[in-house]
Amino acid sequence: MKMGEKLKKIIRWLTVLFFIVTLLKIYYELRLFDLMLGIYEVERHQKKAALVSKKALMFITKRSEADTAIKERMKELGWDYVDTFGNGYIFSNDEEEILLRRHDYGIGYSTFEIHPGKEYRKTFAENSEPVEA
């Protein structure tokens, strides 16, 4: 293999790596921006649990009020609390059950992400307004 071909191959791989890192960084920053808007909604508009994004089906609450806030918010959306399983909260309506996974952050907030999400997007799209940019 000639030196010129090796250099082209190295440049090609570096370009692919740079592209992947850039995509990951953009995804991380967009999610961070959505979370910051959610924190603004919780603090400024005194919402107990703000819907951060319909795409991710994620709510954000103050950590100190997380349990009651998410239960009240889900009740408003037509879901009844069933049980807690580890860091997951199980809710049900007449037809199905969903699992909300809780993540606590050191800055005093908790997020609840719905898993699996794709089947439930319609339910939350009809009843909630996200805090998206």
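The values are calculated or read from the model by the stated rules, or taken from the named source; none is laboratory data. Computed from a predicted structure; not experimentally measured. Reconstructed Cβ throughout: ideal geometry from the backbone, glycine too, with neighbour counts over all protein chains shown.
Some values worked out for this structure:
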{"quantity": "Selected residue [within 13 Å of the chain's Cα centre (by Cα), surrounded by fewer than 17 Cβ atoms within 10 Å (Cβ to Cβ) and at pLDDT below 90] from Lys122, Lys55", "calculated": "Lys55"}
{"quantity": "Looking only at region 92-112, and only at residues there that are within 23 Å of Leu37 (Cβ to Cβ) and of a type in the set (D, E, K, R), the one that is surrounded by the fewest Cβ atoms within 10 Å (Cβ to Cβ)", "calculated": "Asp104"}
{"quantity": "Among the residues listed as Asn93, Asn87, the single one being at pLDDT 85 or above and touching a Lys or Arg at 6+ places or on another chain (Cβ under 8 Å)", "calculated": "Asn87"}
{"quantity": "Count of residues meeting criterion [surrounded by fewer than 16 Cβ atoms within 10 Å (Cβ to Cβ) and of a type in the set (Gly, Ala, Ser)] in region 59-91", "calculated": "4"}
